[in-house]
Amino acid sequence: MTTFAPSDAPIALLRWPADADRRTELTEERRPRLLLLEPDAAPPTSWDVLEDWVRLPADPAEIEARITTLMRRLPSAAPAPLLDGDGVLRVGARWVALPPVEARLVTALLARPDSVVSRDRLLAAGWPAGQPPGSTNGQILDGRIKLLRRRLAEVGLEIHTVRGVGFVLTGQNHG
């Protein structure tokens, strides 16, 4: 593995699939990475904004462009969102109070910032005892996400839909 460091946030360059274990480690550490795919390798499936890939042999200009794009995706120095035990979400000096279900949804989203959280995971987090009677096909989740989007906008956070998969929590300044 080599590391390219144009600033204080290095981008890891990994050979794919040879460095698959290191990719997993870097994903868990929320470190950006560019996968250099072997000519005959299938690209991995990923919805992580901190990952990209290019097939070898690659033009150095294309590698540089992808590294620059990954650098732009890095979270800024904005304060990290903090959710306290009373359901108050704070981002710097701004705050918003959340009802218990929405606090549980935000907890699940905060556990995977800038990454897709599946609908199933969010349903399990929001309603650990199962969805209320009468709710079908995650309609209750969609309604809560709609309300949550409005509340989170007050503190500079956004929830994006990844159709058919789940949702991503981002900050407005780097989403």
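Would segment 60-71 turn up any residue that is without any contact (Cβ under 8 Å) to a residue 12 or more places away in the chain, more than 26 Å from Val162 (Cβ to Cβ), acidic (Asp, Glu) and assigned to a helix (DSSP H, G or I)?
yes
If we keep just the residues of segment 7-22 that are part of a loop (DSSP other than H, G, I, E, B) and modelled with pLDDT of 90 or more, which is nearest to Leu74 (Cα to Cα)?
Among those residues, the one meeting the criterion is Asp19.
Which pairs do you get when a residue that is in contact (Cβ under 8 Å) with a residue 60 or more places away in the chain, found in segment 38-59, comes within reach of a residue that is surrounded by fewer than 15 Cβ atoms within 10 Å (Cβ to Cβ), reach meaning Cβ atoms under 8 angstrom, with the pair 6+ apart or on two chains?
Taking only residues 6 or more apart or on different chains, the pairs are Trp47/Val162; Trp47/Val165; Leu50/Arg30.
What are the residues in segment 39-79 that are surrounded by fewer than 12 Cβ atoms within 10 Å (Cβ to Cβ) and among the aliphatic types (A, V, I, L, M), if any?
Matches in segment 39-79: Ala42, Ala61, Ala77.
Quick one: Leu34 ticks every box in (1) under 22 Å from Leu109 (Cβ atoms); (2) surrounded by 13 or more Cβ atoms within 10 Å (Cβ to Cβ) except a single one, so which number is it?
(1) is the only condition that Leu34 fails.
Could you list, in sequence order, all residues of segment 80-111 that are surrounded by 13 or more Cβ atoms within 10 Å (Cβ to Cβ) and part of a loop (DSSP other than H, G, I, E, B)?
Scanning segment 80-111 gives Pro81, Gly87, Leu98, Pro99.
Taking the options Val168, Val155, Val117, name whichever one is in a loop (DSSP other than H, G, I, E, B), buried (at least 18 other Cβ atoms within 10 Å of the Cβ) and at pLDDT 90 or above.
Val155
Condition first: closer than 21 Å to Glu64 by Cα and either outside any helix (DSSP H, G or I) or charged (D, E, K, R) (or both). Now tell me which residues in segment 23-40 satisfy that.
Passing the criteria: Arg23, Arg30, Arg31, Pro32, Arg33, Leu34, Leu35, Leu36, Leu37, Glu38, Pro39.
The values are calculated or read from the model by the stated rules, or taken from the named source; none is laboratory data. All of these numbers come straight from a predicted model, not from anything done at the bench. Glycine gets a Cβ as well: all are built from the backbone with ideal geometry, and neighbour counts include every protein chain shown.
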